[in-house]
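Below is one structure, written out as structure tokens; comments come after it.
The values are calculated or read from the model by the stated rules, or taken from the named source; none is laboratory data. Since we're looking at a predicted model, the values are computed, not measured. Because the Cβ atoms are built from the backbone with ideal geometry, glycine has one as well, and the counts that use them run over all protein chains shown.
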Amino acid sequence: MPNKSIEQIKKDYNEAYKNVTGRVTICGGTGCMAGGSMKVYDAFEAEFKKHNIGYCLNITKGCHENYLSISGCRGFCAAGPLVSVNDVFYTHVKPEDVPEIVEKTVMKGEVVDRLLYADPATKVHYKTTAEIPFYSKQERILLADCGRINPEDINEYIAHGGYAQAKRAYLEMTDEQVCQEMIKSGLRGRGGGGFPTGKKWDFTRIEKGPKKYVICNADEGAPGAFMDRSVMEGNPNAVIEGMMIAARAIGADEGYVYVRMEYPLAVVRMRKAIKQAEELGVLGENIFGSGKNFKINVMEGAGAFVCGEETALIASVEGKRGMPKVKPPFPSQSGLFGKPTVINNVETLATVAKVLEMGAEKFAAIGPKTSPGTKTFAVTGHVANTGLVEVPMGTTLRQVIDEVAGGTTNNDGTVNKAAFKAAQIGGPSGGCLTKEHLDVPLDFDSLKSVGAMIGSGGLVVMNEHTCMVNVARFFLEFTKRESCGKCVPCREGTDQMLALLTDITEGRGTMKTLETLEELAKSVQKASLCALGKTAPNPVLSTLKYFRDEYLAHVQKKECPAGVCKALSKYRIDAAKCKGCGMCKKACPVQAISGEVGKPHQIDPKKCIKCGACARTCKFGAVTR
């Protein structure tokens, strides 16, 4: 039993918070920290001391000054490091900016305009997050507290309603009622497959046996995906509370958070949150006086993508090599150490308490009937604002890219919405979306109907200068490397598909190569043991379907239309732009460029070794490929 109830902790914290005169919050997510946000934090401490400004690092009854705190990832990765002074939101903050912020904003209440976010298209400056389209166009339920609370202070989580739903589940609801509430909500697993969460819990609940487990799958390994990492870093207690509610639903007394070792900050914050929860008596033995126990362990994985598959993950937790098993039996029947086990990913579990707080009916009313709720997407690539976004299921691709992410960009970073070419959704397991799919709703069923899938939520946007054949090769190279090798179709099939794609991108491909590639991709898709192998051909099949003309150009014309594949690139000099300065001629190591001073130059394609020295040297953009 805790020394104080969560209600008393919430009351005491909120009473103490009323005495705080101001709050300075520095983003403490991995992205901002890599950009130097902790140096910014140190600079604020130094300035406060220099000006004799009172501040505190924790909210206590004695804090009557400024509260200097960190937050988790705020999602706006393109604009970091991020700093908030009360409601004023600053972007791209450097340590040398801090004296001006303290002097003007902290001490005088004035705004430093140059540090406000400016829309790249309209150049309009925004003072608060509520005004910035990146935030105002989202519906942040799961991410509502990420960036708002200190992820390393459990008291602040409790002050915002944390652990109230866990207490309710343990003291006021039966295990069956918890499962039924989740079933009514329609929450589907956010890890890729989209299986109904409540049904998965109920299948495990009805299994007999004194020992059951809950596993949080935090082995997020898809290229371009960082949703789970950000949630663990920004609100670890939400994950813990979700695991507690899942444990109550199925009758488990032990759980594991399986995190890839490449997420050191997430590991640190998860362990710290677990320790704080145990010290408060929220987690551990006799939870809320219910007589029920629940222990959580954190285990670091070695970074194998295949361990995102639940049976491979279970094998890894057991100390074995992470390799998938044939199902059935399913984990709900025989999972960790042969016991009934529920496995959900971070985003799913962190949503659970929000579902109970809102009520199943209200949650189910968000988005399409078959895919209710919100979904987080890690938007990267050729967009104005890369970052982590949360929108209702059913939001279109166009809305995410143009309204939230600020639009597609050219290679030089300028916004050009017409430059959109494709989006790879769901990482290697997903598929390719094109211009004709811009108004397709992003939900489980709609994406499946066009040969794609939400997957874990990675969304890589590509402009017209992207080679789709090379994109397929990139993702296949990843899945080939990550194949566990257990089954022949995946082990040998991905290797052979990669070899065929390499032949195409290096000018050795033929029409027979294309025919063999497509036939092999379909075979691997059908015959592989687990989801890694079954979905590995998706980028190949979707690009073959929607961008076959690019494949044909590589094979028949021996050209890469986007000019990306080096072996097929042909450097040219635009006579209209060439000033005849001769700089490219001097830079060419094989004397492939000719021309008189003051007149347009030419490149001899037979001599050109495609090193790119001419393009890098030209100041007028006359050399293209």
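Tabulated data
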{"read-out": "Some residue of region 3-17 being among the hydrophobic types (A, V, I, L, M, F, W, C) and closer than 19 Å to residue 115 by Cα", "value": "no"}
{"read-out": "All helices (runs of 4 or more DSSP H) inside region 1-60 with 3 or more residues being within 20 Å of residue 160 (Cα to Cα), out of contact with any helix residue (DSSP H, G or I) (no Cβ under 6 Å at 6 or more places or on another chain) and modelled with pLDDT under 95", "value": "6-17"}
{"read-out": "Complete set of residues in region 402-429 that are among the aliphatic types (A, V, I, L, M), assigned to a helix (DSSP H, G or I) and in contact with a strand residue (DSSP E or B) (Cβ under 6 Å, 6 or more places away or on another chain)", "value": "404, 419"}
{"read-out": "Those residues of region 435-470 which are more than 20 Å from the chain's Cα centre (by Cα), under 10 Å from residue 397 (Cβ atoms) and not in a helix (DSSP H, G or I), in sequence order", "value": "438, 439, 440"}
{"read-out": "Candidate set: region 46-73, residues that are out of contact with any strand residue (DSSP E or B) (no Cβ under 7 Å at 6 or more places or on another chain) and either within 19 Å of residue 105 (Cα to Cα) or of a type in the set (A, V, I, L, M, F, W, C) (or both); chosen: the one surrounded by the fewest Cβ atoms within 10 Å (Cβ to Cβ)", "value": "52"}
{"read-out": "Residue within region 208-216 that is surrounded by fewer than 19 Cβ atoms within 10 Å (Cβ to Cβ) and over 15 Å from residue 247 (Cβ atoms) present", "value": "yes"}
{"read-out": "Flag if residue 112 is outside the structural domain of residue 231 (by TED's automatic domain parsing), β-branched (Val, Ile, Thr) and without any contact (Cβ under 8 Å) to a residue 12 or more places away in the chain", "value": "no"}
{"read-out": "Spans of strands (runs of 3 or more DSSP E) in region 61-144 with at least 2 residues of a type outside the set (A, V, I, L, M, F, W, C)", "value": "66-71"}
{"read-out": "Test: residue in region 190-203 that is within 29 Å of the chain's Cα centre (by Cα), in a loop (DSSP other than H, G, I, E, B) and hydrophobic (A, V, I, L, M, F, W, C)", "value": "yes"}
{"read-out": "Hits in region 10-53 - residues which are among the hydrophobic types (A, V, I, L, M, F, W, C), more than 18 Å from residue 76 (Cα to Cα) and touching a Pro at 6+ places or on another chain (Cβ under 8 Å)", "value": "43"}
{"read-out": "Hits in region 100-140 - residues which are touching a helix residue (DSSP H, G or I) at 6+ places or on another chain (Cβ under 7 Å) and among the hydroxyl-bearing types (Ser, Thr, Tyr)", "value": "117, 129"}
{"read-out": "Some residue of region 397-407 being buried (at least 20 other Cβ atoms within 10 Å of the Cβ), free of Cβ contacts under 8 Å to residues at least 24 places away in the same chain and out of contact with any Phe, Trp or Tyr (no Cβ under 9 Å at 6 or more places or on another chain)", "value": "no"}
{"read-out": "So residue 595, is it closer than 27 Å to residue 305 by Cβ and touching a helix residue (DSSP H, G or I) at 6+ places or on another chain (Cβ under 7 Å)", "value": "no"}
{"read-out": "All positions within region 299-330 that are touching a strand residue (DSSP E or B) at 6+ places or on another chain (Cβ under 7 Å) and surrounded by fewer than 24 Cβ atoms within 10 Å (Cβ to Cβ)", "value": "299, 300, 301, 303, 316, 317"}
{"read-out": "Test: residue in region 566-586 that is of a type in the set (A, V, I, L, M) and within 23 Å of residue 474 (Cβ to Cβ)", "value": "yes"}
{"read-out": "Conditions (1) of a type in the set (A, V, I, L, M, F, W, C); (2) in a loop (DSSP other than H, G, I, E, B); (3) surrounded by 23 or more Cβ atoms within 10 Å (Cβ to Cβ): number failed by residue 243", "value": "(2)"}
{"read-out": "Residues satisfying the stated conditions in region 136-149, i.e. closer than 18 Å to residue 25 by Cβ, surrounded by fewer than 21 Cβ atoms within 10 Å (Cβ to Cβ) and of a type outside the set (A, V, I, L, M, F, W, C)", "value": "140, 148"}
